[in-house]
1. List every residue pair whose Cβ atoms lie under 8 Å apart, where the two residues are 6 or more positions apart in sequence or sit on different chains, the first residue falls within segment B:9-36 and is among the charged types (D, E, K, R), and the second residue, located anywhere, is in a strand (DSSP E or B).
2. Which one of these is under 22 Å from residue B:172 (Cβ atoms) and under 22 Å from the mean Cα position of the chain (by Cα): B:84, B:71, B:58?
3. So if I check each of B:156, B:142, B:148, which one is open to solvent by 10 Å² or more (accessible area, probe 1.4 Å), at pLDDT 95 or above, over 29 Å from residue B:190 (Cα atoms) and over 17 Å from the mean Cα position of the chain (by Cα)?
4. From A:165, A:216, A:191, which residue is of a type outside the set (S, T, N, Q), closer than 30 Å to residue B:90 by Cβ and either in the same structural domain as residue A:277 (by TED's automatic domain parsing) or buried (at least 22 other Cβ atoms within 10 Å of the Cβ) (or both)?
5. Answer with yes or no whether residue B:113 is open to solvent by 20 Å² or more (accessible area, probe 1.4 Å), in the same structural domain as residue B:85 (by TED's automatic domain parsing) and modelled with pLDDT of 95 or more.
6. I need the full set of residues from segment A:8-22 which are of a type outside the set (Val, Ile, Thr), in contact with a helix residue (DSSP H, G or I) (Cβ under 9 Å, 6 or more places away or on another chain) and surrounded by 14 or more Cβ atoms within 10 Å (Cβ to Cβ), in order please.
7. Looking at residue B:273 and the list (1) among the basic types (Lys, Arg); (2) out of contact with any strand residue (DSSP E or B) (no Cβ under 9 Å at 6 or more places or on another chain); (3) under 21 Å from residue B:66 (Cβ atoms), which single condition is not satisfied?
8. Which one is farthest from residue A:87 (Cα to Cα), of the residues in segment A:21-49 that are more than 7 Å from chain B (Cβ to nearest Cβ) and in a helix (DSSP H, G or I)?
There are 2 protein chains.
Amino acid sequence: MKAAVQSTYGPHVLSDVGTFGGLFAGSFLKTMDKPVLVASMDGVGTKTKVAARLNRWDTIGQDLVNHCINDILVQGAEPLFFLDYVASSQLDPAQIAAIVGGMALACRAAGCALLGGETAEMPGVYEPNEVDVVGTIIGVVDQDHLIDGRQIQAGDIILNLPSTGLHTNGFSLARRVLADLDWTAWREDLGYSIGDALLAVHESYLTPIRQLRAVGVEIRGLAHITGGGVIDNLPRILPEGLGATIQLGTWSIPPIFTLIQGLADIATHELYRVFNMGLGMLVIIPPHQRSLVPHLNQVGAIVTAHSGVQLEGPK
Amino acid sequence: MKAAVQSTYGPHVLSDVGTFGGLFAGSFLKTMDKPVLVASMDGVGTKTKVAARLNRWDTIGQDLVNHCINDILVQGAEPLFFLDYVASSQLDPAQIAAIVGGMALACRAAGCALLGGETAEMPGVYEPNEVDVVGTIIGVVDQDHLIDGRQIQAGDIILNLPSTGLHTNGFSLARRVLADLDWTAWREDLGYSIGDALLAVHESYLTPIRQLRAVGVEIRGLAHITGGGVIDNLPRILPEGLGATIQLGTWSIPPIFTLIQGLADIATHELYRVFNMGLGMLVIIPPHQRSLVPHLNQVGAIVTAHSGVQLEGPK
């Protein structure tokens, strides 16, 4: 595990695994015009209960790191370092090694140092065999490159970076709806098992967003579709007086959502509040730049007619 | 709660409560020679179970913030900002407001911004009515002022900044030993109730350490006495070939420890591994500077004769 953590260390890491606070050299910040540190802390929620049912612990850490990367990426920040906290009623070294190994894998892919971590054994606080996994990410953006949605205008178009599945939201409902099915058998409708579909790793959008910037796309807003779905997350970045329409049928919905929708009696609007439905990260750009990104699906547009998000088209 | 959080904001905080990642302006880092970011993540452990038994939630947040402040202070870092995560089986708004209010209080006192936070409701992961409280602190130190213990020499003296009680360690044992006693009645031996003694707020040593620096004390090492006690924590900063002697009887032991010791059949050495026993933060300075700090107790010295920590004197 120590080797996995050390494999995430770049030249900025001054401390060693297991010492006190993690040390991250910040002299490079002096080369930036107005460096702004961007910080976010989050957990993976009850996706841990899926990992527990399947006894597969190598993906949860990747989920958490990628979730956190996306959460600061929406403000234009690049990740610098990550810290983790893993707690349960009784710590299992193999389980922790798998979880932290997943974190190290995702950190390494993002060029982000896994700078520190803590474990806690708390019998009587956690239920037997349950675990919580929490992480904090620190990134940086030059203030002039902060993305905050203020430049969004009516007529802007909404592109989708697809999700791989539930990511880290909607697991309470999904587990309830799917509880009595076989989670390990291959299914034709999914292309894999329910377990594999549920544990599909939360996608990091760091590379695609870097690529958009590299080709000169003016990103006016980014919405990471997490708890609350597109219904709650997209309005958070819209300026006063603007709303968005999402055109149903313009992107591929991962089949796990179709399966859940078929089994549960949930209205479409509610479905789009609980799940991301295949919308991983929404990218808002001016319409004249559409030709720069032919590979991305346009899934909607910014409008003045109403506030909030309207779902349009085939239900 | 929003007002409490905002009260911790200094001029560097660019984001608003409840937006995405917290934004912390870092241009001031450019005035430092070699800025090093120092990060630490921790929880308060089962001190939450004491808070639950007494239904008092205003101190736990202070404990966590001060614990984290001390954890990076040992490397010489000043706190910049803090993020929190509060999770339980069922979130109680009043409980969370009290916990976060405590965090804001401690952050404000330290000039540290409470930059972000997350709550999670996870039934089936947490036991009913149980809560976990986790925090991450980010601080900064100029690399030339990093404290890492390398300058420690034989003959250096060990001073104590007193603890207020258990701080955030040893609660599993303390709760077991004290379980059947009345926690709310005033006790002559303690000067207050067992509940008050157990919930005594984890002391922040930021101000005393700033004062030592202000009068020109050369701090060669700092040891925050947490889980593992003086036995495990002090050796972490000692250079190869050096050990420490701690002279029992040279400082006041908070009476809650005396009560626990009287009820439990625990060897002295083990007692000093589970509890801080009144040793909050140990400060190692060269002997010729003793006169600069007449108000602090000398509790031990650095020696070459052995490695690790030896307890000497009356048991």
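The values are calculated or read from the model by the stated rules, or taken from the named source; none is laboratory data. Source: prediction; values computed, not measured. So basically every Cβ, Gly included, is an ideal-geometry build from the backbone, and we count neighbours across all protein chains shown. Just so you know, the surface numbers come from the protein's heavy atoms only, side chains and all, with ligands and any DNA or RNA stripped out. Shrake-Rupley method; radii C 1.70, N 1.55, O 1.52, S 1.80 Å.
1. Matching pairs, first to second residue: B:30/A:35; B:33/B:142; B:34/A:25; B:34/B:142.
2. The unique qualifying residue is B:71.
3. From the options B:156, B:142, B:148, the qualifying one is B:142.
4. So the residue among A:165, A:216, A:191 that is of a type outside the set (S, T, N, Q), closer than 30 Å to residue B:90 by Cβ and either in the same structural domain as residue A:277 (by TED's automatic domain parsing) or buried (at least 22 other Cβ atoms within 10 Å of the Cβ) (or both) is A:165.
5. no
6. A:12, A:14, A:20, A:21 - these are the residues of segment A:8-22 that are of a type outside the set (Val, Ile, Thr), in contact with a helix residue (DSSP H, G or I) (Cβ under 9 Å, 6 or more places away or on another chain) and surrounded by 14 or more Cβ atoms within 10 Å (Cβ to Cβ).
7. Against the list (1) among the basic types (Lys, Arg); (2) out of contact with any strand residue (DSSP E or B) (no Cβ under 9 Å at 6 or more places or on another chain); (3) under 21 Å from residue B:66 (Cβ atoms), residue B:273 comes up short only on (3).
8. Step by step, filter segment A:21-49, then rank; the result is A:31.
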